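**Student:** Quick one: the structure is below, questions incoming.
Throughout, read-outs are computed from the coordinates displayed, never taken from laboratory work. Keep in mind it's a predicted model, so treat the numbers as computed, not measured. FYI the Cβ positions are ideal-geometry reconstructions off the backbone, even for glycines, and counts take in every protein chain you see.
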Amino acid sequence: MERDFHHPYEPYDIQTQFMDAVYECLEDGKVGIFESPTGTGKSLSLICGSLTWLRDHKRRTFEDGLAVNGAYGDEPAWLLEHARKQKKQAALQRRAEFEARIAKIKEKEKRLKEVYQKGEPKSKRQKTISSGVNAEDDEARFVLDDYQSDEDGAPSREAKSFNDSGLSMENQVLMEKMGLSWKKEEDETEAPDETKIFFCSRTHSQLTQFSSELRRVRMPPSITLGAPSAPSEDPPVEEVKHLTLGSRKNLCINPKVNRLGNPTAINERCLELQQPGVSSDCKCPFMPNKEKQTLVNEFRDHTLAKIRDIEDLGSLGKKLGICPYYASRPATKYAEVRCATRRY
């Protein structure tokens, strides 16, 4: 069966074979080891093959989830169909509202970029334009120290326990104390816990390269919200929801904590500032809490509106005045692709 993998270029035979193999491996639920010569476009082939499978899988899962027979027993067919339509309409409405927020953010960033390119006075630009353009630098600045988790350097603590959002038990407790719920947002129903793609690498330079390749890909939506497009129209495109995860060392924007340099020292200082006995004057001013839920939501929407790497998240957090390390956690459920280094 010939599949359209939505490759941004005309794929070579070896790329098509690679994408087919990735798709079949995921479809069969197997573990695969793939190898391809240098210069054959492995990253793009991996992205297109896995994302095509993910969108197909989400489409099938959505349709299967609309079944109501088990919940309504022996009710007549017309009632089952009515219940199914109501369930589908509610699901599409939630999805449409989320996509509308993302589209609004993208349009806002587009307007800001146009203002910048028109060359308005610097004083006006500083009020409206967000920083976050990655500067080219030496490869060495991307090489990471070993990832330090909250429990590193503290062997007496209990082993990690993760919930379905990927948060450790310690982070769950901390976020609940701050009034920042990872379970349910105040302004919307809980996000569906869908299948995701994880891309792991050793250095941030490799993640940056992956993000650059991901920006080239244009995938059709897994679920069509409106009427099907006419043959003469361009097919609809749904941007990939991508999130880069990092440690406090890479995402902390508190200068008094970040300047410590050592990952273990940064982790311990961050946790110390969140203890109940710490005065409000000494607490981290960037820490999310219940009063800053709107900022957390805005950070989430900006993060998912375009492909951003780790430096972009730090710049976005500084612009909004919210900690990127904690504010990025509620966005994990909405991301289709999560990128991380080493031991996340």
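**Student:** Measuring from label point to label point, each 7 Å out along Cα→Cβ, what is the R215 to R202 span in nm?
**Tutor:** Rounded to a tenth, the inter-label distance reads 2.6 nm.
**Student:** To the nearest 0.05, what FRET efficiency results for K118 and Y12 with a Förster distance of 45 Å applied to their C-beta separation? Write down the numbers at each step before the final one.
**Tutor:** On the way: r = 41 Å, r/R0 = 0.92.
Rounded to the nearest 0.05, the efficiency is 0.60.
**Student:** Rank the residues E63, E99, E239 as a footprinting-exposure proxy: fewest other Cβ atoms within 10 Å of their Cβ go first. Show your work: numbers first, answer last.
**Tutor:** Details: E63 11, E99 15, E239 20.
In order of increasing Cβ crowding within 10 Å: E63, E99, E239.
**Student:** Now, a different point. Could you list F299, F98 so that the one with the fewest beta carbons within 10 Å of its beta carbon is first and the one with the most is last? Don't jump to the answer; show the numbers that get you there.
**Tutor:** On the way: F299 26, F98 16.
Ranked by crowding around the Cβ, least crowded first: F98, F299.
**Student:** Here is a follow-up. Could you please rank I105, I322, placing first whichever residue has the fewest other Cβ atoms within 10 Å of its Cβ? Could the numbers behind the result be given before it?
**Tutor:** Numbers: I105 18, I322 23.
Placing the least packed residue first, the sequence is I105, I322.
**Student:** Still on this model: So how much slack lies between L271 and Q86, counting 0.36 nm per residue of separation and subtracting their Cα-Cα distance, in nm?
**Tutor:** Details: separation 185, 0.36 × 185 = 66.60 nm, distance 4.57 nm.
Here the segment from L271 to Q86 would lengthen by 62.0 nm.
**Student:** Give me D for the stretch 256-295 in µm² s⁻¹, whole number, from Stokes-Einstein with Rh from the Kirkwood sum over alpha-carbon pairs, 20 °C and 1.002 mPa s.
**Tutor:** Working: Rh = 11.2 Å.
Approximately 192 µm²/s, per Stokes-Einstein.
**Student:** Determine the gain in length on full extension of the stretch S279-A21; use 0.36 nm per residue of separation and subtract their C-alpha separation, reporting nm with one decimal.
**Tutor:** Details: separation 258, 0.36 × 258 = 92.88 nm, distance 5.67 nm.
Stretched out fully, the S279 to A21 stretch lengthens by 87.2 nm.
**Student:** With the cut-off at 1.5 for a/c, could you classify the stretch 248-344 from its C-alpha gyration tensor as rounded, prolate or oblate?
**Tutor:** Values: a/c = 1.94, a/b = 1.35, b/c = 1.44.
Verdict is oblate for the stretch 248-344.
**Student:** Further question on the same structure: Please give the contour-minus-distance gain from D4 to I33: 0.36 nm per residue of separation, less the Cα-Cα distance, rounded to one decimal in nm. Write down the numbers at each step before the final one.
**Tutor:** Values: separation 29, 0.36 × 29 = 10.44 nm, distance 2.26 nm.
This chain segment gains 8.2 nm when fully extended.
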